[in-house]
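This report refers to the structure that appears directly beneath it.
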Amino acid sequence: MVLGDSLSAGYGMAQSESWVGILQERWQQQYPDITLINASISGDTTQGALNRLNGVIERHQPDAVFVELGGNDGLRGFTPASIQANLLKIIDQLQQQGATVALSQIRIPPNYGARYSALFANIFPVVAKAKDVPLVPFFMEQIIEDEALMQNDGIHPNRAAQAKIATIMEPFLLDLVDK
């Protein structure tokens, strides 16, 4: 299961066109015993995901979860301490249900200032180490510099980027499922 925000939900497109949707379709052919669930919601924050997590766990009972959250918290200027606390709680709940978890590194645009950007970026390795989960590199770092792969807002990847993201993310998700 992917628990994320607009970057994984496929902002501005059908969910089937998102990188998760592309992997779902690919895996139906290659790995029919794996069901990939996209529990991502555009605009979601760590608190929003935490609030809905019990229902998501109950509905899908995931064995493995890739957590791609925190970007909207950072864009709204939430405190790093609150983002970190929410991520720790999310991972705790998932692990208590027996799920194997991986966490995505997230970065925010530099216009939030060097200090906040550094504090924000440091949340993810700290949480990954504290919960002993893999930290997956932020897939957007390979996308954002190419304007041809970005929507006009400069934040969200476009349809052309989705297959590339799927290719970037596939080995990390397969490794997570293997664990």
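The values are calculated or read from the model by the stated rules, or taken from the named source; none is laboratory data. As the structure is a computational prediction, the values presented were derived from the model and not from experiment. Neighbour counts run over all protein chains shown; Cβ positions are idealised from the backbone, glycine included. What goes into the accessible areas is simple: the full protein's heavy atoms, side chains included, and nothing from ligands, DNA or RNA. Shrake-Rupley method; radii C 1.70, N 1.55, O 1.52, S 1.80 Å.
Could you pull the accessible area for TYR112 with a 1.4 Å probe, rounded to 10 Å²?
About 80 Å², rounded to the nearest 10.
What GluC sites (Glu not before Pro) does the stretch 119-179 have in DSSP loop regions with at most 10 other beta carbons within 10 Å?
Sparse-neighbourhood loop GluC sites (Glu not before Pro): GLU145.
What list of ³J(HN,Hα) couplings, whole Hz, do you get for the stretch 162-179 from phi and the Karplus terms 6.51, -1.76, 1.60, once you set θ to phi - 60° and write x for glycine and proline?
4, 5, 5, 4, 4, 5, 5, 7, 3, x, 5, 6, 5, 4, 4, 5, 4, 6
If you average the C-alpha positions of the stretch 101-168 and of the stretch 45-98 separately, how far apart do those two centres end up, in angstrom?
16
Could you work out the relative contact order of the stretch 1-82, using alpha carbon pairs under 8 angstrom and six or more residues apart, expressed as a whole percent?
Computed value for the stretch 1-82: 41 percent relative contact order.
Only sites in a loop by DSSP and with at most 11 other Cβ atoms within 10 Å count here; which trypsin sites (Lys or Arg not before Pro) in the stretch 1-109 make the cut?
ARG76
Rolling a 1.4 Å sphere over the protein heavy atoms, what is the accessible area per residue of the stretch 1-70, to the nearest Å²?
Roughly 44 Å² per residue, with all protein chains present.
What is the calculated FRET efficiency for GLN97 to PHE172, with r their C-beta to C-beta distance and R₀ = 30 Å, to the nearest 0.05? All intermediate terms of the calculation are to be shown ahead of the outcome.
Numbers: r = 21 Å, r/R0 = 0.70.
Computed FRET efficiency for GLN97 and PHE172 comes out at 0.90.
Gain in length, ARG115 to LYS89, computed as 0.36 nm per residue apart minus the alpha-carbon separation, to one decimal in nm? If you can, show how the numbers build up before the last one.
On the way: separation 26, 0.36 × 26 = 9.36 nm, distance 2.49 nm.
Value of the extension gain: 6.9 nm.
How high is the relative contact order of the chain, in percent, with contacts defined as C-alpha pairs under 8 Å that are six or more residues apart?
23
Can you show me the helix-derived [θ] at 222 nm for the chain, built from DSSP H runs with n ≥ 4 at -39,500 (n - 2.57) apiece and divided by the number of residues, rounded to the nearest 500. The partial results should precede the final answer.
Numbers: 7 runs with 91 residues, N = 179.
About -16000 deg cm²/dmol.
Going by accessible area, probe 1.4 Å, with all protein chains left in place, what is the ranking of HIS156, HIS60, largest first?
From most accessible down to least: HIS60, HIS156.
Considering only protein heavy atoms, what is the solvent-accessible area of ASP153 at a probe of 1.4 Å, reported in Å² to the nearest 10?
Number for this one is 70 Å².
If I stretch the segment between ILE155 and VAL126 completely, what's the gain in nm (0.36 nm per residue apart, minus their alpha carbon distance), one decimal?
8.0 nm
Restricting the count to DSSP beta bridges whose residues both fall in the chain, what percent are antiparallel, rounded to a multiple of 5?
Numbers: 1 of 11 bridges.
The antiparallel fraction comes to roughly 10 percent.
Given an 8 Å cut-off on Cα distances and at least 6 residues of separation, report the relative contact order of the stretch 33-119 as a percent.
Answer for the stretch 33-119 is 34 percent.
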